[in-house]
Amino acid sequence: MGIQIMVQTISAFLAVVCFGLLLEMPKRYLLDAGVVGGAAWLVYLLTAQWTGSNIMAAFASTLVVACISHVFARLFKAPVTVFLVAGILPAVPGASIYRCVFYVIRSGSSLATFYFVETLQIAGAIAIAIFIMDSIFRLIQDNEKRWKKSRPDGNSGTPG
Amino acid sequence: MNTSLREKTEPDGVNDKLLVETAVEAGEIMLVSGAEIYRVEDTVGRILSLAPGRKSENVALGTSLIVTLDRPGDESLTIMRRIRNRSTNLNRVCQVNEVSRRLCAGEMSFKEAQKSLREIKQGIQYHSRTRAVGYIGVSAFFALLLGGTWREGLGAGLSGVLLAAVCLLTAKARLNDFCINALGAFAVGVTALAIETWVMPSMNGNAVITGAIMPLVPGVTFTTSIRDILNGDYASGTNRMMEALVVALSVAVGIGTAMSMFSNLTGG
């Protein structure tokens, strides 16, 4: 099991780096994005094993991805999207959408509905996780500004 | 003319037209490159706010961008752009972000900004050989990532070679996106099923197909559409969702054709 998780995590790293070539990821961020992708899939696998739900896994892994992306964006002075898109790539419900439409064509309507709902659930979980992290980081940013404003000379403010 | 006089008297050559054009240009590049709606509107709004004391408004929909600047005592200035052929290009999003940041910080003039925006539009980072490596790598590693063994990885890699060839050749022939995706998916389906039927029966053909179509399926587009909807951008959100469904349809058509072809061949 441990070996399989390792193989899959390394695959996720390489898959995201390769996907970066297709998405015209800036060259200097390719490896960083790969790290985000690997971390995302590691968290996904562990959560999926622990809770047995791939929606929960997508949610947890995206929370981690969004957090790392915001930190990386600040460190490297790049837009958050660059790392965010890379990180959610492994968890995103691409295969589910394809299967949904595939069964619509093949007139397997119950399977089509199943995969459509699954797509909505996973995409929704990812979107909400990103939303939560964005809000947290916006709060931190606003408070940072206010804090800096309240103590312009760097000494006053915070008593004690 | 009142307008031209007024434009000439603006400091350092910034006139309203140049400002709105720069804003529209930046917004268009971001929309074409697949940036989120709120990010596009934010960037365009920041550039427009460089016109002091005027009211400006910008609306980004998935397929169009409208920017207008109200000028007191003068006609308002509006530019609209129709957005076609969207595809994710993170490098352009990055570069436009940098240009708008420097423009707003006063480190760059509008003339310079327009010049670099034009360069951003032209620039290509990776050549087709590198992109081919990308297609093959994504196919192979996604098959492994989704729990495949080395057999599925190998099969998906081989399907990826065909996929890369089809996608890059048809893109050169300027075929439309639906046909490119359908043909690419068809190539993946045929390769995977051929390997499963005649070369390696122990390989799971379905797992190979799921891994190998990953460069085509619109997972990120669908997720971005849900994010747009959560942000209250309902029009562009549903827009993007439809886009994702159509792309998925093209892939399903390609795979479906390959599958029915094989079930006829093998007398299924």
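Each residue of the protein assembly as shown gets 174 Å³ once the volume of the Cα convex hull is shared out per residue.
Per residue, the Cα convex hull of chain A amounts to 162 Å³. Kindly state, to the nearest 0.05, the FRET efficiency for B:Ala173 paired with B:Gln125, given R0 = 25 Å and r defined as their beta-carbon distance. After rounding to 0.05, the efficiency reads 0.65.
Answer rounded, prolate or oblate for chain B, using the Cα gyration tensor with square roots of eigenvalues a ≥ b ≥ c: rounded when a/c is under 1.5, else prolate when a/b is larger than b/c, else oblate. Walk me through the intermediate numbers first.
Values: a/c = 3.22, a/b = 2.69, b/c = 1.20.
Cα axes put chain B in the prolate bin.
To the nearest ten degrees, helix B:90-104 and the longest principal axis of the Cα atoms of chain B are 10 degrees apart.
When you look at the Cβ of every residue in B:84-92, what mean number of other chain Cβ atoms sits within 10 Å?
4
This model, with +1 at the C-beta of Lys and Arg and -1 at the C-beta of Asp and Glu, gives the range B:128-265 a dipole about its Cα centre of some 340 debye.
The angle between the Cα long axis of helix A:109-150 and the longest principal axis of the Cα atoms of chain A comes to about 0 degrees, rounded to the nearest 10.
Charge dipole (Cα centre; +1 on Lys/Arg Cβ, -1 on Asp/Glu Cβ; no other charges) of the protein assembly as shown amounts to roughly 480 debye.
Dividing the helix sum by the residues of chain B, where each DSSP H run of 4 or more adds -39500 (n - 2.57), gives a mean residue ellipticity at 222 nm of -22000 deg cm²/dmol. Local charge for B:Lys55 was computed over the other residues whose Cβ lies under 13 Å away, with Lys and Arg +1 and Asp and Glu -1, and equals -2.
Take each residue in B:250-262, count the other chain C-beta atoms within 10 Å of its C-beta, and the mean is 3. Between B:Thr238 and B:Arg46, the simple spin-label model (points 7 angstrom out along Cα→Cβ) gives 3.1 nm.
Taking Cα atoms, how many degrees apart are the long axis of helix B:110-122 and the longest axis of chain B, rounded to 10 and kept between 0 and 90? In chain B, helix B:110-122 runs at an angle near 10 degrees to the longest axis.
Calculated translational diffusion coefficient of the range B:2-122 (10 °C, 1.306 mPa s; Stokes-Einstein with Kirkwood radius over alpha-carbon pairs) equals 110 µm²/s. Each residue of the range B:202-217 is assigned a 3J(HN,Hα), and the resulting list reads 7, 7, 8, x, 5, 5, 4, 4, 4, x, 6, 7, 3, x, 9, 5 Hz, derived from the Karplus form 6.51 cos²θ - 1.76 cosθ + 1.60 (θ = phi - 60°), x at Gly and Pro. Just how many % of Cα pairs in the range A:40-93 lie over 13 Å apart, if you round to the nearest whole percent? That fraction is 53 percent.
Report the calculated FRET efficiency for A:Thr113 and B:Thr63 (r = Cβ-Cβ distance, R0 = 30 Å), to the nearest 0.05. It would help to have the intermediate numbers written out before the result.
Working: r = 29 Å, r/R0 = 0.95.
Between A:Thr113 and B:Thr63 the formula returns 0.55.
In debye, nearest 20, what is the charge dipole magnitude of the range A:2-150 about its Cα centre with +1 on Lys and Arg Cβ and -1 on Asp and Glu Cβ, if you could check? Walk me through the intermediate numbers first.
Numbers: 11 positive and 6 negative charges, 96 e Å.
Result for the range A:2-150 is approximately 460 debye, rounded to the nearest 20.
Whole-Hz Karplus values for the range B:16-28 come out as 4, 5, 4, 4, 5, 4, 4, 4, 5, 4, 4, x, 5 Hz, taken residue by residue from phi with 6.51 cos²θ - 1.76 cosθ + 1.60 and θ = phi - 60°; glycine and proline positions read x. Taking chain A as a Gaussian network of alpha-carbon nodes connected by springs under 10 Å, the highest mean-square fluctuation of the residues A:Val104, A:Val117, A:Val82 belongs to A:Val104. Using the Cβ-Cβ distance between A:Ser135 and A:Arg28 with R0 set to 22 Å, the FRET efficiency works out to roughly 0.15. Using a 10 angstrom cutoff on alpha carbons, build the Gaussian network for chain B and name the most mobile of B:Asn176, B:Asn58, B:Asn239. With Cα springs under 10 Å in chain B, the top fluctuation among B:Asn176, B:Asn58, B:Asn239 is at B:Asn176. For the residues of B:26-38, the average number of beta carbons from a partner chain within 10 Å of their own beta carbon is 1.
FYI, it's all coordinate maths here, none of it is from the lab. Model, not experiment: these values are computed from the prediction. Heads up, the Cβs are rebuilt from the backbone with ideal geometry, glycines too, and the neighbour counts pull from every protein chain shown.
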